[in-house]
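I have placed the structure first, in the form of structure tokens, so that the comments after it can refer back to it.
The values are calculated or read from the model by the stated rules, or taken from the named source; none is laboratory data. As the structure is a computational prediction, the values presented were derived from the model and not from experiment. FYI the Cβ positions are ideal-geometry reconstructions off the backbone, even for glycines, and counts take in every protein chain you see. Side chains included, ligands, DNA and RNA excluded: accessible areas come from the protein's heavy atoms. Shrake-Rupley method; radii C 1.70, N 1.55, O 1.52, S 1.80 Å.
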Amino acid sequence: MFADRTAPGADVQSLWRSARSARCEAKTCQTVKISTAEAAAQSHAARDAAVQTEQSKDAVQDFQQEVQVDYTGLLSFLQRVEGAVIKELNKNWKSHAFDGFEVNWTDQDETVLCLHTLSYPEAQDQNLQVTSVSWNATGSVIACSYGRLDDGDWSTEKSYVCTWNLDRRALNPQHPDLVVDVPSSVMCLAFHPSQPSLIAGGLFSGELVVWDTSRTEDPVIWRTGMTDDTHTDPVYQVNWLPDTKHRNHARLLSVATDGKILVWREERDGRLALAEGFAIVAQQIPRSTRLKKVTWGEAAVGVTSLSFSHSDPSVFVVGVEGGYSLRCSALAQTPALPRPGGSVPLRAPAELAFSPHAGPVYSVSCSPFHRQSCFLLPPSPRNLFLSCGTDGQVHLHSMLQTQPLFALQLSKKYLFCVCWSPVRPLVFAAASGEGVHLFDLARSMQKPTVSLKQSLSNCPVYCLEFNTKHTRLLAAGDAAGTVKVWQLSSNFTEQGPREMSYLEQLASEIMD
């Protein structure tokens, strides 16, 4: 019934190759080309939907009706409280709680910030001190001199003059833009009033030098040299004076503890030649204020500081080691005592001696604001000036009387510098053995408005100077070899509407 049998195979011819060849289809493409369309915009019309609803006119009317004032009820309330309000106003009107208070509607900044702490490590390694600071004519460059004020001697130990440009982006507080090596201790500095690159310095040896900071190779352009005209004691202050004969030139004034005040002119061979000079000697000082421990007669009176009157350029005030200040005249013709040597005869400028401090005067500063009175007979400069010294006191003087207008015991330590603000008549700064003190006479005549610590070690501050271009900057140098640039608040730089009147009233009331 069952038997093995092999069935023949069936062949089916393929048609897909021939059909594909006929359509010339690509071997790698299984489907037709895909079509695409830009579908970023879902609609053809656009509208601003930031406002979800619109306010109807009915809603505006409803709101206006809600804020209507009940004037009848308000009047009734004011009538009920009128008596109590009048009583309180009368009480406030009779109160003296706000006497002397002036409302200032502008925002005031009460802080004083330290913007920069500048130093030269090599000078600090030698324990050198900052003896002087000065701003250049543009107000962007600060210079300091290094030397010694506590134990100076005639040694040849070199010192330095350093400058920093505070506008430079890559300012390095411990790397000055310029360092000038000086063979003797530099006691004082003064930038030229109009040429930003010129700076004059007085040395411990008595010599004067003028440097051009734009010349990095050899910056010395003028110097006095050691001659018979040169100071024989340390130079404690230098000032640039306008030359009336040559407008493009400026003369240089120097004061020293040898009692001489010398005026120098520039020479083409790089020398500073003596043009005129003065001498403060004991013979020209009133006997009522004669110096202690100084023989009356030919003894020189050491000059430590000088400041010119801003109302009369021929009048200046000097501070001396004897503890008092002298009013002097550049027009004086009285000859000083003859001295051996010297190419120019010296004159005696002292006119008036003021009541002395209890120790040497280290700094004087004439007010740049106080006006000269035209009703005084005979005509006399009516300036105010400040003085300070080793007794820790600041004296406010009028050039018309010997006694101070007031004396302020500011510190138990020495006061080394006092400087009047260039923009506010009632503000001045003082440098002491404790730090920097800022005074505003409009606030208090008894104590500083702000006292700033220069360093954590409370080292003495020897010098300070306001920036006349950027009036919110004050530079101060100390015994640790650092210079701090302080940014003052608007309280110390914005003049009030009646400050000049208050200053003149203060002077006249005390004098009367």
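Just to be sure before I move on: is Ala442 in contact with an Asp or Glu (Cβ under 8 Å, 6 or more places away or on another chain), aliphatic (A, V, I, L, M), farther than 26 Å from Cys188 by Cα and open to solvent by 50 Å² or more (accessible area, probe 1.4 Å) in the structure I sent? So Ala442 fits the description; yes.
Of all the numbered requirements in (1) within 20 Å of Asn467 (Cβ to Cβ); (2) exposed (fewer than 14 other Cβ atoms within 10 Å of the Cβ), Cys188 misses one, and that requirement is (2). Restricting attention to the stretch 108-144, which residues are open to solvent by 30 Å² or more (accessible area, probe 1.4 Å) and not in a loop (DSSP other than H, G, I, E, B)? Leu113, Cys114, Leu115, His116, Thr117, Pro121, Glu122, Gln124, Asp125 - these are the residues of the stretch 108-144 that are open to solvent by 30 Å² or more (accessible area, probe 1.4 Å) and not in a loop (DSSP other than H, G, I, E, B).
Yes or no, residue by residue, for (1) at pLDDT below 95; (2) within 26 Å of the chain's Cα centre (by Cα); (3) crowded, with 20+ Cβ neighbours inside 10 Å:
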| site | (1), (2), (3) |
| --- | --- |
| Thr216 | yes, no, no |
| Thr224 | yes, no, yes |
| Thr227 | yes, no, no |
| His231 | yes, no, yes |
| Gln237 | no, yes, yes |
| Pro242 | yes, yes, no |
| Asn248 | yes, no, no |
| Lys260 | yes, no, yes |
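Go through the stretch 382-427 residue by residue and tally those that are of a type in the set (D, E, K, R), under 18 Å from Pro368 (Cα atoms) and at pLDDT 90 or above.
1
Report, by residue number, each residue of the stretch 174-185 that is within 11 Å of Gly201 (Cα to Cα) and surrounded by fewer than 17 Cβ atoms within 10 Å (Cβ to Cβ). Those that are within 11 Å of Gly201 (Cα to Cα) and surrounded by fewer than 17 Cβ atoms within 10 Å (Cβ to Cβ): none in the stretch 174-185. Scanning the stretch 214-243 for residues that are among the hydroxyl-bearing types (Ser, Thr, Tyr) and under 15 Å from Phe204 (Cβ atoms) yields Thr224, Thr230, Thr232, Tyr236. The single condition among (1) open to solvent by 40 Å² or more (accessible area, probe 1.4 Å); (2) without any contact (Cβ under 8 Å) to a residue 60 or more places away in the chain that Gly202 does not meet is (1). Applying the criterion of being part of a loop (DSSP other than H, G, I, E, B), open to solvent by 50 Å² or more (accessible area, probe 1.4 Å) and modelled with pLDDT of 85 or more to the residues of the stretch 464-511, the residue that is farthest from Leu115 (Cα to Cα) is Glu494.
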